[in-house]
Amino acid sequence: MYVSRLENSTFNPTSFLLTGFPGLEYAHHWISLPFCLIYMTVFMGNCTILHVIRTDSSLHEPMYYFLAMLAITDLGLCLTTLPTVLGIFWFDSREIPFGACFAQLFFIHSLSLVESSVLLSMAFDRFVAICNPLRYGSILTTQRILKMGLAFVFRSLTLIFPLPFLLRRFHYCRTNVLSHSYCLHLEIMKLACSDIIVNHIYGLTVVASTVGMDSLLILLSYVFILKTILSIASKEERHKAFNTCISHVCAVLLFYVPMIGLSLIHRFGERAPHIVHILMSYVYLLAPPLMNPVVYSIKTKQIRQCILRKFCSAKAIWS
């Protein structure tokens, strides 16, 4: 049983209790099987993307460098949540100290902001490639891409760094049970007995200035991209230009739709069934890392051909 509510005001926990699927504890070992499969697929898929980009010189282009950044970010997100998620399902390990929880929260939110930044940079890549193709090589140089990547990481770490300290100052005297199998800022904030207005304002400011701004700039870039594509006379060229954007559009939807859904449920879905909160939290963190390699492998011809070549070469060696 969870220690969820306090009977006296002296309760001062030093750890949180994570939640698996309440009421289905007896089936957690079985529930862990699809999660293990998902994590294995995520690792294999993203490592394959990184391997083919690293070893195939034809993929040493800006578009694929950004894709490599996306794969690294997705791997980081999965590694951050893997210990607590599988710990609950395999060992019923629900307790997590404050320090470990705040560290996990820091990495989850930081990597999420990095992923949002990478998706924005990929939109900029498509914008330059379609709207200004003659200057593509001079604008997106390797050195500039590296600086962009470092800027993404710096922005994310700087903005998320205050969150653990803002949460540590609170006194948690009502409950220490989280509704997920990992730690999120909004979830922990709700457990505090203190005034959380500063956290609310800071959290909304960070989201609006990063994810909100990134999504608007992505939308704006696609307005210009669409305008340029529709001005192309050749139907075949228009189709080719559209096709180069499909993978990125899918990645954007996979990232932003679950994030917006989880945020809305946290803020306005108090009456929603608890299982909805749990499932949305898993979709938010696992759907993009799971599906991005699949989308790019299927829709990007160069990636698909490189993977097939690697597979055929390995098959020939083993034969």
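Residue by residue, here is whether (1) over 24 Å from THR84 (Cα atoms); (2) free of Cβ contacts under 8 Å to residues at least 60 places away in the same chain; (3) in a helix (DSSP H, G or I); (4) among the hydrophobic types (A, V, I, L, M, F, W, C) holds:
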| site | (1), (2), (3), (4) |
| --- | --- |
| THR158 | yes, yes, yes, no |
| ARG174 | no, no, no, no |
| SER181 | no, no, no, no |
| THR210 | yes, no, yes, no |
| PHE242 | yes, yes, yes, yes |
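Of everything in the stretch 26-52, what is in contact (Cβ under 8 Å) with a residue 60 or more places away in the chain and exposed (fewer than 14 other Cβ atoms within 10 Å of the Cβ)? Give them in sequence order.
HIS29
Looking at the stretch 183-208 only, could you name the residues that are of a type in the set (S, T, N, Q), surrounded by fewer than 18 Cβ atoms within 10 Å (Cβ to Cβ) and assigned to a helix (DSSP H, G or I)? Walk me through how you get there before you give the answer.
Taking the stretch 183-208 as the starting set, the residues that turn out to be of a type in the set (S, T, N, Q) are 194, 199, 205.
Remaining after also requiring surrounded by fewer than 18 Cβ atoms within 10 Å (Cβ to Cβ): 194, 205.
Matches in the stretch 183-208: THR205 only.
With the requirement that a residue be surrounded by fewer than 14 Cβ atoms within 10 Å (Cβ to Cβ) and assigned to a loop (DSSP other than H, G, I, E, B), what does the stretch 115-156 give you?
ASN132, THR141
Surrounded by 14 or more Cβ atoms within 10 Å (Cβ to Cβ) and at pLDDT below 95, is that true of LEU86? Give the derivation first.
Numbers: surrounded by 14 or more Cβ atoms within 10 Å (Cβ to Cβ): yes; at pLDDT below 95: yes.
Criteria met by LEU86.
Could you check ALA233 against (1) outside any loop (DSSP other than H, G, I, E, B); (2) modelled with pLDDT under 95 and say which number it fails?
Unmet condition: (1).
Report the residue count in the stretch 215-232 for those that are in contact (Cβ under 8 Å) with a residue 12 or more places away in the chain and under 14 Å from PHE127 (Cβ atoms). Write out each step before concluding.
If we filter the stretch 215-232 for residues that are in contact (Cβ under 8 Å) with a residue 12 or more places away in the chain, which is where we start, we get 215, 217-218, 221-222, 224-225, 228-229.
Subsequent filtering for residues that are under 14 Å from PHE127 (Cβ atoms) retains 217-218, 221-222, 224-225, 228-229.
The qualifying residues number 8.
Could you grab me the full set of residues in the stretch 1-59 that are outside any helix (DSSP H, G or I) and either of a type in the set (S, T, N, Q) or at pLDDT 90 or above (or both)?
Filtering the stretch 1-59 down to residues outside any helix (DSSP H, G or I) leaves 1-24, 56.
Residues satisfying the conditions are SER4, ASN8, SER9, THR10, ASN12, THR14, SER15, PHE16, LEU17, LEU18, THR19.
Can you tell me which of (1) at pLDDT below 90; (2) exposed (fewer than 14 other Cβ atoms within 10 Å of the Cβ); (3) of a type in the set (A, V, I, L, M) is the one ALA241 doesn't meet?
(2)
Kindly list, by first and then second residue, each pair from a residue in the stretch 292-314 that is farther than 12 Å from VAL52 by Cβ to a residue that is loosely packed, with under 12 Cβ neighbours inside 10 Å, limited to pairs with Cβ atoms under 8 Å and residues at least 6 apart or on different chains.
none
Does ILE139 satisfy the criteria of being free of Cβ contacts under 8 Å to residues at least 12 places away in the same chain and either out of contact with any Pro (no Cβ under 7 Å at 6 or more places or on another chain) or among the polar types (S, T, N, Q) (or both)?
Working: free of Cβ contacts under 8 Å to residues at least 12 places away in the same chain: yes; either out of contact with any Pro (no Cβ under 7 Å at 6 or more places or on another chain) or among the polar types (S, T, N, Q) (or both): yes.
Yes, satisfied.
The values are calculated or read from the model by the stated rules, or taken from the named source; none is laboratory data. Just so we're clear, the structure is a prediction, and the values are computed from it rather than from any experiment. Heads up, the Cβs are rebuilt from the backbone with ideal geometry, glycines too, and the neighbour counts pull from every protein chain shown.
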